[in-house]
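The values are calculated or read from the model by the stated rules, or taken from the named source; none is laboratory data. Source: prediction; values computed, not measured. Cβ sites come from the backbone with ideal geometry, for glycine too, and all protein chains shown count toward neighbours. In case anyone asks, the SASA skips ligands and DNA or RNA and just uses the protein heavy atoms, side chains included. Shrake-Rupley method; radii C 1.70, N 1.55, O 1.52, S 1.80 Å.
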Amino acid sequence: MKLEKAAPKYMELAKWINDQIQEKQLHAGQKLYSEKQLQEMFGVSRQTVRRALGLLEQEGILRSVRGSGTYINDNRQANLAKRMRVSVVTTYVDGYIFPRMIQGIENVLLENGYSVQIAFTNNQHGRERTILKDILSRDEVSGIVMETTKSAIPNPNLKLYHEILKRQIPVLFLNSFYPELDIPHVSLNDHMVGYRMTKYLIGMGHTKIAGIFKLDDLQGRIRCSGFVDAMYEAGLEIDDRNVLWLDTQDVRHMEKQAARVIERSASCTALFCYNDEVAHGVLDIFKKAGICVPQDISVASVDNANLATMGEIGLTTVTHPMELLGKKASENLLRMIRDPFFDANYEFDADILERDSVRRL
């Protein structure tokens, strides 16, 4: 056998041994090849073999028995629990809803003696890939809290997630999930979000309701499904011309969507926006176009972020638990570290906070 030249030989040997364990070629409690056998198998020095074995022993993957040899550790889960470090990855670092979520996550982890390693993807798959590869190369965390990146479109990083799962490192998704992966998530009940807000608008007398949803995040699609169910349940028709789909770049530059927003909502008395960021941009578009909220059209959204109260009109919105969601995510991840069979899925109910952006017809 030959080792690759991209990394130090001892690292490659350590990776090969770990891969053999993950692929069940080597089993818990089984005696590993002797140092001499490994030297001959890979054509490396005794020092290289000892350095690789030492690294794996330090990680708790192997254990050395004096006078007997080296064995595969029979408790990888216990080793993960001893690492006392958790990686927390969210999409953004800005002052929308993320600081309070991170605060909730940190509070629980720090109280339980864990250090927190924080990173941000900026909602880009390339950045997500870099972070995942770094986590794998370091292999030093006992668990990962991960916010999904553009969860509604094909993800090129699924193999990296499979590698993390193969190493038995617990992963918990935040705010959404990847349908292709069997990984638990803690989030809002996004179907309920769309359903309840639409029911609220219907209860306020609105029958012609437009919607703006996020195209590349799964939350957008699920919230739209709630919107659709509420409309059909009330016996109301949905005109495709009143539904607008935006991606991440569109939301960052809402001013460029002005014509589409006005056109899609022109025949409606109410507009349900994917979140407060979208709604804030919509309010600005309507103001510049001389469209009065809520007199000409009511606007409702999701999250109850600071943006909901920053404009002249306070937004009626679905509240986001933010800090409580982060707290729940941390608590469930810690349960997963202790018990790999724990069902960590949890979705928060949707509550509506009424302000001035919606009027009763």
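The listed residues are GLU128, GLU147, and the only one of them that is open to solvent by less than 30 Å² (accessible area, probe 1.4 Å) and in contact with a strand residue (DSSP E or B) (Cβ under 6 Å, 6 or more places away or on another chain) turns out to be GLU147.
Report whether or not MET192 is modelled with pLDDT of 95 or more and over 23 Å from the mean Cα position of the chain (by Cα). Let's see the steps before the verdict.
Working: modelled with pLDDT of 95 or more: yes; over 23 Å from the mean Cα position of the chain (by Cα): no.
No, not satisfied.
Taking ASP74 as the residue in question, decide whether it is charged (D, E, K, R), on the phi > 0 side of the Ramachandran plot and at pLDDT below 90. So ASP74 fails the test.
When ALA344 is tested against the conditions (1) assigned to a loop (DSSP other than H, G, I, E, B); (2) under 23 Å from ASN275 (Cα atoms), the lone failure is (2). Condition check for PHE342 on (1) of a type in the set (A, V, I, L, M, F, W, C); (2) over 25 Å from THR91 (Cα atoms); (3) touching a residue at least 60 places away in the same chain (Cβ under 8 Å): one failure, at (3). None of LEU181, LEU165, LEU172 is of a type in the set (A, V, I, L, M) and assigned to a helix (DSSP H, G or I) except LEU165. A search for C-beta distances below 9 Å between a residue of the range 21-41 that is on the phi > 0 side of the Ramachandran plot and any residue that is in a loop (DSSP other than H, G, I, E, B) and surrounded by 11 or more Cβ atoms within 10 Å (Cβ to Cβ), counting only pairs 6+ apart in sequence or on different chains, returns GLY29/ASN73; GLY29/ASP74. Among the candidates ALA14, ALA6, the residue that is exposed (fewer than 15 other Cβ atoms within 10 Å of the Cβ), at pLDDT below 95 and within 24 Å of GLU140 (Cβ to Cβ) is uniquely ALA6.
Yes or no: THR317 more than 27 Å from GLN168 (Cα to Cα) and surrounded by 19 or more Cβ atoms within 10 Å (Cβ to Cβ)? Give the steps one after another, and end with the answer.
On the way: more than 27 Å from GLN168 (Cα to Cα): yes; surrounded by 19 or more Cβ atoms within 10 Å (Cβ to Cβ): yes.
So THR317 passes the test.
Being polar (S, T, N, Q), within 30 Å of LYS24 (Cα to Cα) and either out of contact with any Leu (no Cβ under 8 Å at 6 or more places or on another chain) or open to solvent by 30 Å² or more (accessible area, probe 1.4 Å) (or both) holds for only one residue in ASN155, ASN112, ASN107, ASN122, and it is ASN155. Looking at the range 181-199, can you tell me whether even one residue there is touching a residue at least 40 places away in the same chain (Cβ under 8 Å), over 24 Å from MET322 (Cα atoms) and in contact with a Leu (Cβ under 8 Å, 6 or more places away or on another chain)? No - not one qualifying residue is present in the range 181-199. Among the criteria (1) more than 21 Å from GLY281 (Cβ to Cβ); (2) in a strand (DSSP E or B); (3) among the β-branched types (Val, Ile, Thr), the one VAL318 does not fulfil is (1).
Considering the range 305-314, and only residues there that are more than 15 Å from VAL358 (Cβ to Cβ) and buried (at least 18 other Cβ atoms within 10 Å of the Cβ), the residue that is farthest from the chain's Cα centre (by Cα) turns out to be LEU307. Would you point out which residue out of VAL278, VAL243, VAL302 is touching a Gly at 6+ places or on another chain (Cβ under 9 Å), surrounded by 21 or more Cβ atoms within 10 Å (Cβ to Cβ) and within 27 Å of ASN122 (Cα to Cα)? The conditions single out VAL302.
Among residues of the range 283-298 that are part of a loop (DSSP other than H, G, I, E, B), those with a Cβ under 6 angstrom from a residue that is hydroxyl-bearing (Ser, Thr, Tyr) and surrounded by 13 or more Cβ atoms within 10 Å (Cβ to Cβ), sequence gap 6+ or separate chain, pair up as VAL293/SER357; PRO294/SER357.
Cβ-Cβ distances below 8 Å connect the following pairs, each with a first residue in the range 248-271 that is open to solvent by 40 Å² or more (accessible area, probe 1.4 Å), a second residue that is among the β-branched types (Val, Ile, Thr), and a separation of six or more residues or different chains: GLU255/ILE285; ILE262/ILE285; ILE262/ILE291; ARG264/ILE212; ARG264/VAL243; THR269/THR207; THR269/ILE209; THR269/ILE297. For the range 214-237, the candidate set comprises residues that are more than 25 Å from TYR178 (Cβ to Cβ) and at pLDDT 95 or above; within that set, the residue that is most open to solvent (accessible area, probe 1.4 Å) is TYR232.
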